[in-house]
Structures are given as structure tokens and as C-alpha cells.
Amino acid sequence: MNDIRDEVAAGFEEIHGRAPLGIWSAPGRVNLIGEHTDYNQGFVLPFAINRRTVVALGPRDDATIRVASAFADELASIELADLAPSRLDGWSAYPLGVAWALGQHGADLGAVPGVDIYIESTVPVGAGLSSSAAIESAVAIALDEVWRLGLDRQTLAKVGRLAENEAVGAPTGIMDQSASLLGREDHAVFLDCRSLQSELVELGFAEAGLELLIIDTGVSHSHATGGYAARRASCEAGAAAMGVSSLRDLTVDDLPRARTAMDDETFRRVRHVITENQRVLDTVAALRAEGPLAIGELLDASHVSMRDDFEISVPELDLAVETAQANGAIGARMTGGGFGGAAIALVPTEGVSRIQVAIDGAFAEHGFGQPTMFTVTAAGGASRDR
Ligand code: GLA
């Protein structure tokens, strides 16, 4: 981590011609369980991972905001007063969208100083590990401090979501930014997306001799297009058919009535969300009572529900999950929004390399592109680092 902070400081100096005021960072996240429940006001259980986006920032003496990064040639520059979702696009819509969204949450963009920003990241892009939320959260805590806004982390999560929804155009929920801002080492963030109350839940993977393996299929996904919004619309239609404001108001006891209240496809979307909420609660209870060795079946069941009921898996994700399960994983599931991205497998430490070899072999056999695999640990949330 020290290296990347040095690199970001040097990158800032090279582009902006002076040393930054400070360095902030925020992690990507992996979702242990609770998929497509956040925008249904349900429960999620993600954790922040040991891959971070690092931001160097320095104030300017005018009202311009400029952002540059190690991963794009573009130096984006705009007057703070001109910030508007319709004027933002490309990767800079994430950091600039956050500046705009802070304006929607009380920052006086006519009075705060302009800033220069430089960004670098070790969160893989397109792997379903929320590289976007890592940028949003790092920029949000940096601007909050430099602009002396004093917003709490729940509000900063809302700021990041607003940037994602309006400036980037992806109709996502609050999970990713919450995990990035609220994470803690060796803990998951159990979040009620209705009240935004959260609790930290100890994972204890290392103690139990387990590792969390990420299998990035390399199949790219974008939540600003198609499938994600369609699933969200189905959930809203299902809630309306049941006469509730969100699917959070339903439990497994409502499933028989739901089956007769809507078409089969909508019913299956609803069944996924209702049962997934229950699986999150069961996973939290199992972690607390028995530890991580007890959560495997819940992870497996979550995958089946996403594959068959919510229909957001792809053949590469199914193969990764099945191969991991067949080779000794405690449990496995696709993670994140779906339609590509990554799967996770909870694996005994001594079995990690065997499972990787098996997955590589299975992908080659099926003619799929080679997946990228690595283990992650639960890390702390967004922080000021220098
Ligand atoms: C994406 C979104 C999240 C959440 C997940 C699905 O990661 O950004 O808000 O909806 O998909 O659980």
C-alpha cells in the first residue's frame, strides 16, 4: 500500500505541478450474500476488501475542479458551478459526480474552493468488486474533509449512490458505497437498507482455516444498461401487485399469495428477493453462532436462486461455482449485480490452489476465456492515509 500512495503523490505532482494536501483511500467490496436486495430495502452482508482506490487532493485558489488518474489519459476540468449530471461522462463522471452530489447534500458549490485530484486503484475494474464505489467513497471523504462539510458516513454513502445513479446513470442501490465506507478488518457489514442501520459481523475466515477466493470470469457487465434496470422494474411490479411499497415488506409466508398475484416470471424475481433477505439473516445468525464453516449451504442456495429465479447468472459464473463446489469449496456463489463479473468461493486454505487449477481446466475445456483468481481479506473502510 505504501507504494501506491507514493505513486499517487508523485502522479499528482507530475500532473498538477505541486504536492497534494493529503492522501485518502477507499476499498472495493465483495458481497458475501444479499444480492439485489439493497434497492428493495432489504438486507445485505458485504465486506470491504484489501484492494483500494487512492486519491491525492489539493485545493486550488479558483473554483475549478480537475481530475486525472493513472488509468486514463484524460485530464477532466470543469467549473464547480457548472457541475451537472448531463455534463459528465466517461470515468471522470464518478469523481465529478461525487462533487456534484455533495452539492445536493448541502455543500455550497459557489463557496468551496476548487480542487485538483489524482486517482489510482488496485481494485480490478469490471470484476464486480465495486471499483466505482471505491472511487466515489475515496473522493467523498476527501472532499468532505477539505470542504469542511462534516457529513457522516451514511450520508457519504448516499452521496456516492446519487453520483452513480445520476451522473453515471446506473440505477444501483446503497450497498457498495456502504461497504466501502463502513468496512472493518475481518468483519462484514450487515446493513438494513431500509433504516440504513448497520452492524459489524465478525467473519473469522482465517481462524477457521478458510480463504475467500474471487473468480473473475472476465465477462464484462455494465449496470447502466439493460438487465439490472429490468430486474429492478420487475421487483417494483411485484411489490405493486402485492400492495406493498417494497419487497422488504414481504416474507416467505407471503409466497403462496404472491404466486397467484402476478405472472410466473415476476413471481420468481420476487421469490429470489424474499428468500435472499432470509438467507442474509440466516447467514448472520450462523456466523455469530457457529462461524463461517456453517454458511456454505446458504451461499450455494443464493447462487441457485440467482441462476434460476432471478436469472442474472451466465454460464461462466455457473461453471466457476460448480467447479469450486465439486473441488472442496465450503460454498460458492456469483457476487454483485450479475450478467458477468465474479464468483466467490469459500475455500479451505489448503484447497485454494487445487480449486484454481480445476477452474482453469474447466474454463479451458468449455472454450471460455481464462479467469483471473485471487484471494481477498476483509479490510478497513475509507480512510485518510496521509
Ligand atoms: C450492484 C449494485 C448494488 C447491488 C448489487 C446487487 O453491485 O451496485 O447496489 O444492487 O449490484 O446486489
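The values are calculated or read from the model by the stated rules, or taken from the named source; none is laboratory data. If you're wondering where the values come from, they're calculated on a predicted model, not measured in any experiment. Cβ placement follows ideal geometry from the backbone for every residue including glycine, while neighbour counts extend to all protein chains displayed.
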Subset of segment 143-154 [in contact with a helix residue (DSSP H, G or I) (Cβ under 9 Å, 6 or more places away or on another chain) and either among the hydroxyl-bearing types (S, T, Y) or in contact (Cβ under 8 Å) with a residue 12 or more places away in the chain (or both)]: L143, D144, W147, L149, L151, R153, Q154
Scan segment 117-173 residue by residue and report those that are in contact with a Leu (Cβ under 7 Å, 6 or more places away or on another chain) and either acidic (D, E) or within 16 Å of the ligand (Cβ to nearest atom) (or both). V123, S137, A140, D144, Q154, L156, A157, V159, A167
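Residue-by-condition table, conditions (1) hydrophobic (A, V, I, L, M, F, W, C); (2) closer than 30 Å to V357 by Cβ; (3) buried (at least 16 other Cβ atoms within 10 Å of the Cβ):
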residue	(1), (2), (3)
Q177	no, no, yes
A240	yes, no, no
L247	yes, no, yes
E265	no, no, no
R271	no, no, yes
Test set (1) surrounded by 19 or more Cβ atoms within 10 Å (Cβ to Cβ); (2) over 28 Å from T64 (Cα atoms) - A167 fails condition number: (2)
Restricting to segment 276-298, what's the tally of residues that are in contact with a Ser or Thr (Cβ under 6 Å, 6 or more places away or on another chain) and either assigned to a helix (DSSP H, G or I) or at pLDDT below 95 (or both)? 4
Whichever residue in segment 234-285 is of a type in the set (G, A, S) and within 23 Å of the chain's Cα centre (by Cα) and, among such residues, is farthest from L200 (Cα to Cα): S234
Go through segment 193-242 residue by residue and tally those that are within 15 Å of the ligand (Cβ to nearest atom) and on the phi > 0 side of the Ramachandran plot. 2
